[in-house]
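The numbers here are math on the coordinates, done by the rules we state, and not lab data. Only a predicted model underlies this, so the values are computations on that prediction, with no experimental measurement involved. Virtual Cβ from ideal backbone geometry, glycine too; neighbours counted across all protein chains shown.
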Amino acid sequence: MKVLKFGGSSIADTSGIQKVVEIILRELKRGPFALVLSAMKGITDLLIQAAHRAEQGNRDYHTLISRIKQTHNAAVEGLFSEQKKGIVFNDLEQLYKELRDFLHGVELIRECTPRILDLVMSFGERLSCILMTHYLKQCGVKALFVDARDIIVTDDIYGKAAVNYDETYARIKKRLSGIKQAPVITGFIAATENKVTTTLGRNGSDYTASLIAAGLSAGSIEIWTDVDGVLSADPRSVKDAFTIRELSYEEAMELSYFGAEVIHPNTMIPAVGRNIPIIIKNTFNPEEAGTTIKNEIKKHKAAISGIACIENIVLLNIEGGGMVGIPGMAARIFSILASAAVNIIMISQGSSEHSICLGLKQNEALEAVRALKKELKKELESQAINEFLLIKELIIIAVIGDNMRGTPGISGKLFSALGKALINVLAIAQGSSERNISFVIQNKDKAEALKTIHKAFFHTQIMRKP
Ligand code: ADP
Ligand code: ASP
Ligand code: MG
């Protein structure tokens with residue numbers, strides 16, 4: 001039993017969907033499988049924009065609904081026989097109508113809460129999976145549409161809900177094990193115990209696939225996308241990036257957490273304990289071996305495995321004489337930020353304890369400063385803490401690899417390469433796992449820094465690239 005997940009980039013249009021079905025038809029001969037699909041490429045973004053326009057009372061959201069409709073209807077035109085088209089259009093039309101009604105409600109009340117936004121976003125995966133179920137049936141596959149909201153149970157943190165694993169696995173098993181058809185399961189979406197729609201975070205369909213795999217005790221998870229696997233760096237930024245053949249779960253988690261969006265970081269959680277391998281493959285180049293993520297990986301000589309990068313970062317510097325030697329100050333700062341739902345991406349503190357430097361997402365920085373000013377009012381008034389310093393337009397780069405552990409000289413190589421390229425480093429952090437060194441630089445240095453580091457660590461691999 002295998003779980004195959006196809007992302008939005010694979011099912012972007014008629015020809016992509018046909019490629020996906022070729023892969024599925026080949027798989028049909030090999031044994032049972034479950035399918036997980038994302039929304040068609042760009043649809044989730046259009047849904048979000050439509051919801052925001054409706055919230056502002058901008059009736060332009062109808063144009064966006066029309067674009068969503070055109071994308072799906074063009075695929076139907078290209079894929080279905082004349083007699084089938086009517087049935088498929090009809091099924092999709094019901095969803096467009098439901099979406100229009102919801103957005104009209106948003107327009108009337110001029111409010112789009114995260115809960116409503118999750119409901120609006122759910123249309124992307126529902127549309128793509130209904131379309132694909134019909135097309136698979138036309139191609140002779142016994143397919144069954146499955147709405148993940150019936151089987152994946154989460155809390156009510158809308159936009160990035162947390163999964164109730166026990167309940168989810170029990171429902172997956174009950175609903176899907178032993179069924180004769182190939183289930184076509186909506187990625188990304190889920191529901192609370194009370195059947196309110198939630199989502200698992202952007203790019204979350206990968207995570208859905210591994211939840212399904214864990215619930216069904218599958219032998220493997222295949223993530224089909226538009227690149228040959230996890231590459232040594234984002235191929236849009238580094239043209240010499242090459243496919244990494246094998247990664248440990250921890251390496252994959254770190255790379256994806258630090259921005260390698262080819263796989264969602266949570267995907268590894270259900271797979272790691274059960275030792276289910278995750279294979280990333282290219283829908284448009286299926287003969288390539290791809291990347292396998294698993295427990296025991298072959299030893300390789302490179303000091304690092306990959307490089308990743310998070311954009312739109314700010315550094316928040318909290319500094320002051322009153323912080324020296326006072327136990328619990330860092331804990332207080334972290335708990336204030338946690339209560340304000342601000343995510344701390346990176347922490348760096350010098351041993352003098354005079355300052356703490358935090359890497360945050362730009363869009364959470366103002367909320368962070370507001371919460372800290374409120375909760376640390378006394379310390380600011382008595383000047384135990386100075387004013388907060390916010391440095392903007394930064395990025396975090398992380399170099400990642402299990403081989404870094406216990407290998408001296410990696411930081412030296414990294415920072416001397418950056419120094420030679422005249423790139424200024426604003427903050428550095430290394431976790432005790434020694435699997436990751438992350439550092440902050442200015443956004444304007446991104447391209448040069450990635451190229452420089454990639455060349456410094458992967459010189460031999462680049463030379464061997466065909
Ligand atoms: P899908 O639609 O299949 O979910 P995504 O767009 O979410 O695909 O992820 C694939 C994209 O991730 C690639 O096209 C590539 O541009 C980007 N990417 C960023 N970092 C990496 C990396 N290290 N390796 C491979 N792809 C990466
Ligand atoms: N459709 C969702 C998104 O665009 C989930 C996914 O693609 O994995 O984020
Ligand atoms: Mg994705």
Exercise. Might you report the magnitude of the Cβ-based charge dipole of region 47-119 about its Cα centre, with Lys and Arg at +1 and Asp and Glu at -1, to the nearest 20 debye?
Key: 100
Self-check item: Centroid-to-centroid separation of region 120-159 and region 306-345 [C-alpha atoms, Å]
Solution: 39
Self-check item: Of the trypsin sites (Lys or Arg not before Pro) in region 76-153, those whose Cβ has at most 11 other Cβ within 10 Å and which sit in DSSP loop
Solution: R110, K142
Quiz item: When the C-alpha atoms of the chain are aligned to their principal axes, what extent does each axis show, in angstrom, from largest down?
Solution: 76, 58, 39
Quiz prompt | Kirkwood Rh and Cα Rg combined as Rg/Rh, region 342-405 | solution = 1.05
Quiz item: Of F458, N363, G419, which is farthest along the charge dipole of region 357-466 in the positive direction, counting Lys and Arg as +1 and Asp and Glu as -1 at C-beta?
Solution: F458
Quiz item: List the GluC sites (Glu not before Pro) in region 362-452 that DSSP assigns to loop (not H, G, I, E or B) and whose Cβ has at most 16 other Cβ atoms within 10 Å. Which are they?
Solution: E387, E434
Practice problem: Work from the charge dipole of the chain (Cβ charges, +1 for Lys and Arg, -1 for Asp and Glu, about the Cα centre) and give the residue of L46, I333, G78 farthest towards its positive end. | Solution: G78
Quiz item: Counting Lys and Arg as +1 and Asp and Glu as -1, what is the net charge of the other residues whose Cβ lies under 14 Å from the Cβ of A308?
Solution: -3
Quiz item: Simple spin-label model, 7 Å along Cα-to-Cβ: S433 to A421 in nm?
Solution: 2.5
Quiz item: Where does region 379-442 land on Rg/Rh, using Cα atoms and the Kirkwood Rh?
Solution: 1.13
Quiz prompt | Cα centre as origin, Lys/Arg/Asp/Glu Cβ charges: the chain dipole, Debye | solution = 1060
Quiz item: Along the charge dipole of the chain, which of F6, P408, V20 sits closest to the positive end, that is, farthest toward it, with unit charges on the beta carbon of Lys, Arg, Asp and Glu (+1, +1, -1, -1)?
Solution: V20
Quiz item: Given Cα pairs under 8 Å that are at least 6 residues apart, what percent is the relative contact order of the chain?
Solution: 13
Quiz item: Of K85/K142; K413/K446; K5/K142; K299/K446; K160/K451, which ones are farther than 23 Å apart at the Cα?
Solution: K299/K446; K160/K451
Exercise. Taking the chain as the reference, fit the longest principal axis to its C-alpha atoms, fit the long axis of helix 446-464 to the helix C-alpha atoms, and give the angle between the two in degrees, 0 to 90, nearest 10.
Key: 70
Quiz item: What number, rounded to the nearest 500 deg cm²/dmol, is the helix-based mean residue ellipticity at 222 nm of the chain, given -39500 (n - 2.57) per DSSP H run of at least four residues and division by all its residues?
Solution: -13500 deg cm²/dmol
Self-check item: K299-R100 pseudo-label distance in nm [points 7 Å out on the Cα-to-Cβ vector]
Solution: 6.5
Practice problem: Determine the gain in length on full extension of the stretch T113-E448; use 0.36 nm per residue of separation and subtract their C-alpha separation, reporting nm with one decimal. | Solution: 116.6 nm
Quiz item: Once amide H atoms are placed 1.01 Å from N in the peptide plane, what residues at a sequence separation of 5 or more from L144, or on another chain, have their amide H within under 5 Å of its amide H?
Solution: A182, V184
Practice problem: Mind running the shape call on region 241-396? Use the C-alpha gyration tensor, a ≥ b ≥ c as the square roots of the eigenvalues: rounded below 1.5 for a/c, prolate if a/b tops b/c, oblate otherwise. | Solution: prolate
Self-check item: Counted charge near G431, where neighbours are those whose Cβ lies closer than 14 Å (Asp, Glu -1; Lys, Arg +1)
Solution: -3
Quiz item: To the nearest 10 degrees, how steeply does helix 82-109 sit against the main Cα axis of the chain, on a 0 to 90 scale?
Solution: 40
Exercise. Pick out, in residue order, every one of the GluC sites (Glu not before Pro) in region 257-297 that is DSSP loop and has at most 10 other C-beta atoms within 10 Å; say none if there are none.
Key: E287, E296
Quiz prompt | Rounded Å value of the spacing that divides the Cα centres of region 1-75 and region 399-421 | solution = 40
Quiz item: Rounded if a/c is under 1.5, else prolate if a/b beats b/c, else oblate: with a ≥ b ≥ c from the C-alpha gyration tensor eigenvalues square-rooted, which is region 115-172?
Solution: oblate
Quiz item: So how much slack lies between E311 and E393, counting 0.36 nm per residue of separation and subtracting their Cα-Cα distance, in nm?
Solution: 28.7 nm
Quiz prompt | Helix 410-420 axis, angle to the chain major axis (alpha carbon atoms, nearest 10°) | solution = 80
Quiz item: Magnitude of the Cβ-charge dipole of region 384-461, K/R +1 and D/E -1, about the Cα centre, nearest 20 debye?
Solution: 260
Self-check item: Percent of C-alpha pairs per 5 Å bin, region 350-466, short to long
Solution: 2, 9, 16, 17, 17, 14, 9, 7, 5, 2, 1, 1, 0
Quiz item: Is region 200-271 rounded, prolate or oblate when judged by the Cα gyration tensor, a ≥ b ≥ c being the square roots of its eigenvalues, rounded requiring a/c under 1.5 and prolate requiring a/b larger than b/c?
Solution: prolate
Self-check item: Local net charge near K137, Cβ-Cβ under 15 Å (Lys/Arg +1, Asp/Glu -1)
Solution: +3
